[in-house]
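Colleague: My questions all concern the structure below.
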Amino acid sequence: MNDLKVALVTGAASGMGRISSKRLAAEGVHVAAVDVNEEGLNDLKQESNNISIFPCDLSDSNAVKTMVQQVQSEVGSIDRVTQAGAVMPMARIQDLDSSSINNLMRINYEGTVNIVSNVLPSMLEKNHGQIILFGSIAGMCPLENMSAYCASKAAVNIFGEILAKEVKDTNIRVMVVCPAQTDTPLMRFVDETDAPDAINTAVKKGMLCDPEEVVDQIEKDLLTDKIICYPSKEAVYATRIRRFFPNYWWKLVQKNS
């Protein structure tokens, strides 16, 4: 990380965004930690003098533009972006109103677009940078009661993959991270809403992936030419089954519920 001086991390108040922020700060990188959760950001700030906090609603394009400009002015040119901010409410389509679905898309997908659109120009200008986008295997392997989340992550997956190909002739490294079910605060939605049986089972049996191991794999895959990072064997198996046996996928999900 010798050439990595400033990193912007979204979703930094909890989960893998928080883990990434703490690790980068420990390596001497100045982290611009971004989240809508100001209390969580203030708690994170106590972990290191290398962490500066920037509360921001990623779904607000004007707020993101202002925030990125502030980071560049106060912290410095951004060398890495880790876009981990997301929400994961669950319910059947018939129980969701359009505003709830659209709001999730604004946070998960449009939030990703807002971050990339405001950081990419400076990276292109200096021909250097890393962009890590948290997609999900949920964007490839659908589950009942997760229509909005799966759709939003499918959008992030495709957006990130195409971005990686479009900047392939530059020194900008783009990677889409597609974890399986991971033990992060997003799992709080399992208790609060009508989660799919497959996720409920994974939570109850302690089958969730370790977020520390996910972040480990991200750093390893950044050293390769991979566009998509599958941090665990479960993520690889699930995507292969869904791709080659799409109808069997639903039978498998029901079987393991």
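Colleague: For segment 223-233, enumerate the residues that are within 11 Å of Met175 (Cα to Cα), over 15 Å from the mean Cα position of the chain (by Cα) and either open to solvent by less than 20 Å² (accessible area, probe 1.4 Å) or basic (Lys, Arg) (or both).
Modeller: Answer for segment 223-233, where residues must be within 11 Å of Met175 (Cα to Cα), over 15 Å from the mean Cα position of the chain (by Cα) and either open to solvent by less than 20 Å² (accessible area, probe 1.4 Å) or basic (Lys, Arg) (or both): just Lys226.
Colleague: Among the residues of segment 56-75 satisfying the criterion of being charged (D, E, K, R) and out of contact with any helix residue (DSSP H, G or I) (no Cβ under 7 Å at 6 or more places or on another chain), which is farthest from Val113 (Cα to Cα)?
Modeller: Checked segment 56-75; the qualifying residue farthest from Val113 (Cα to Cα) is Glu74.
Colleague: Please verify whether segment 85-92 includes one or more residues that are over 14 Å from the mean Cα position of the chain (by Cα), open to solvent by 10 Å² or more (accessible area, probe 1.4 Å) and modelled with pLDDT of 95 or more.
Modeller: no
Colleague: Can you tell me which residues in segment 110-141 are over 30 Å from Asp3 (Cβ atoms) and open to solvent by 30 Å² or more (accessible area, probe 1.4 Å)?
Modeller: Result: Glu110, Met140.
Colleague: If we scan segment 11-32, do we find a residue that is in a strand (DSSP E or B) and open to solvent by 20 Å² or more (accessible area, probe 1.4 Å)?
Modeller: yes
Colleague: Also, quick follow-up: Which condition does Thr193 not pass, out of (1) modelled with pLDDT of 90 or more; (2) out of contact with any helix residue (DSSP H, G or I) (no Cβ under 6 Å at 6 or more places or on another chain); (3) among the β-branched types (Val, Ile, Thr), if it passes all the others?
Modeller: (1)
The values are calculated or read from the model by the stated rules, or taken from the named source; none is laboratory data. Remember, predicted model here, so these are calculated numbers, not experimental data. Positions of Cβ are backbone-derived with ideal geometry, glycine not excepted, and every protein chain shown enters the neighbour counts. The protein model used for the area step is the full one, side chains on, heavy atoms only, and it has no ligands, DNA or RNA in it. Shrake-Rupley method; radii C 1.70, N 1.55, O 1.52, S 1.80 Å.
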